[in-house]
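Below is one structure; the comments refer to it alone.
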Amino acid sequence: MVLAQQFGGRSVIKARVTVTLKNGVLDPQGKAIEGALGSLGFSGVGQVRQGKVFDLELDGADKAKAEADLKAMCEKLLANTVIENYTIALD
Amino acid sequence: MKSAVVQLPGLNRDRDMIAALTKISGKAPVTVWQTEAEIPDDVDLIVIPGGFSYGDYLRCGAIAARMPVMQAIKDKADKGVKVLGVCNGFQILVEAGMLPGALMRNSSLKFVCKEVKLEVVNAETDFTRAYEKGQVIRCPVAHHDGNYFVDPETLAGMEDRGEIVFRYAEGTNPNGSLGDIAGVMNRRGNVLGMMPHPENLIEAAHGGSDGRGIFASALDVIAATA
């Protein structure tokens, strides 16, 4: 896995943050999508949960710092931890 | 009693709120822009009106809740100044962590703009003294994300402490909110958030004045407006 890529001499870490609703939180949008899939003939779709994906580019090559920064970003803004969980992946 | 109305890009109910506060208290509120880091010392009531701050990007109220003025509002609330958030203002207060819970997409997935009935669950608050406990009032709603959610333990504590202030009554819950919750306050009782728009039912031209009591209570002018 390449953690830091060189862009014109600049180190960049690419990250993907995925935000999903916690279990037990109703997801009316997911339910509507589930219904629409059924009406398109896709049978056997048990459950659909809608979430959000954020792709970020962070300056630097320090993976540990990037992860700590991303966690802070999730806690402070990207996720509402009352209703949402998040995962962070560096690539 | 001096009031302040907060203004942010995308909030569009500020004029209705300014009109309501002016008509009910006889004094125009001061306006506070989002980048201001201080609220005037003599303000006793801060109102965050409704609208679509920052286009509802990310989550309703999420960006607004991180603007500099919110720290100033938190500092004032910590000193006991009253804060009222209506509609997007309620969403901003939960995003800022000043009220528990979250406001999610309406269960119908539709924007609702209509009149509902509200039960005054707690009439012993700084915002509801003009009403009787259990009184049912009319109130307009206009929102897409008013579906209140909070975890069961937090909810139980809120109910015990009387922090559920308004519930949708008579089967008029427009958004699927947990326990028909329409408005909640903080533990100290000086911060109230509600999805319905009381500022749009304060005079005969609105077809009624059921919403007036919230402002009369918060502005401490109940006797004058009774």
| remark: Taking trypsin sites (Lys or Arg not before Pro) in a DSSP loop with at most 14 other Cβ atoms within 10 angstrom as exposed, one finds the longest site-free stretch of chain B at B:28-78
| remark: For chain B, the dipole about the Cα centre with charges only on Cβ (Lys and Arg +1, Asp and Glu -1), to the nearest 20 debye, works out at 300 debye
| request: Hand me the chymotrypsin sites (Phe, Trp or Tyr not before Pro) from the range A:2-90 located in a DSSP loop with no more than 12 other Cβ atoms within 10 Å, in residue order please. | output: A:PHE42
| task | Might you work out the accessible area of B:VAL30 for me, using a 1.4 Å probe with all protein chains in place, and round it to the nearest 10 Å²? | result | 40 Å²
| field | the range B:97-200: C-alpha gyration tensor shape, a/c 1.5 cut-off, then a/b vs b/c | value | oblate
| task | Out of all DSSP beta bridges with both ends in the range B:3-218, state the antiparallel percent to the nearest 5. | result | 60 percent
| field | Overall Cα dimensions of the range B:3-218 - principal axes, largest extent first, Å | value | 41, 38, 32
| Highest-MSF residue in chain B out of B:HIS144, B:HIS206, B:HIS197 [GNM, Cα springs under 10 Å] | B:HIS206
| said: If I build a Gaussian network model for chain B, linking alpha-carbon pairs within less than 10 angstrom, which residue out of B:GLY208, B:GLY193, B:GLY61 has the largest mean-square fluctuation? | reply: B:GLY208
| request: Work out how far the C-alpha atoms of the protein assembly as shown reach from end to end along every principal axis, then list the three figures in whole Å, largest first. | output: 71, 51, 35
| query | Looking only at GluC sites (Glu not before Pro) in DSSP loops with at most 16 other Cβ atoms within 10 Å, what is the longest site-free stretch of chain B? | reply | B:39-123
| message | Treating only the Cβ of Lys, Arg, Asp and Glu as charged (+1, +1, -1, -1), what charge dipole size does the protein assembly as shown show about its Cα centre? Round to the nearest 20 debye. | response | 340 debye
| message | Where in chain B is the longest stretch that carries no chymotrypsin sites (Phe, Trp or Tyr not before Pro) classed as loop by DSSP and with at most 16 other Cβ atoms within 10 Å? | response | B:112-226
| message | Taking a ≥ b ≥ c as the square roots of the Cα gyration tensor eigenvalues, with a/c under 1.5 meaning rounded and otherwise prolate when a/b beats b/c, else oblate, which class fits the range B:174-221? | response | oblate
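The values are calculated or read from the model by the stated rules, or taken from the named source; none is laboratory data. None of these values were measured; they are calculated from a predicted model. Positions of Cβ are generated from backbone atoms using ideal geometry, with glycine treated the same way; all protein chains shown enter the neighbour counts. What goes into the accessible areas is simple: the full protein's heavy atoms, side chains included, and nothing from ligands, DNA or RNA. Shrake-Rupley method; radii C 1.70, N 1.55, O 1.52, S 1.80 Å.
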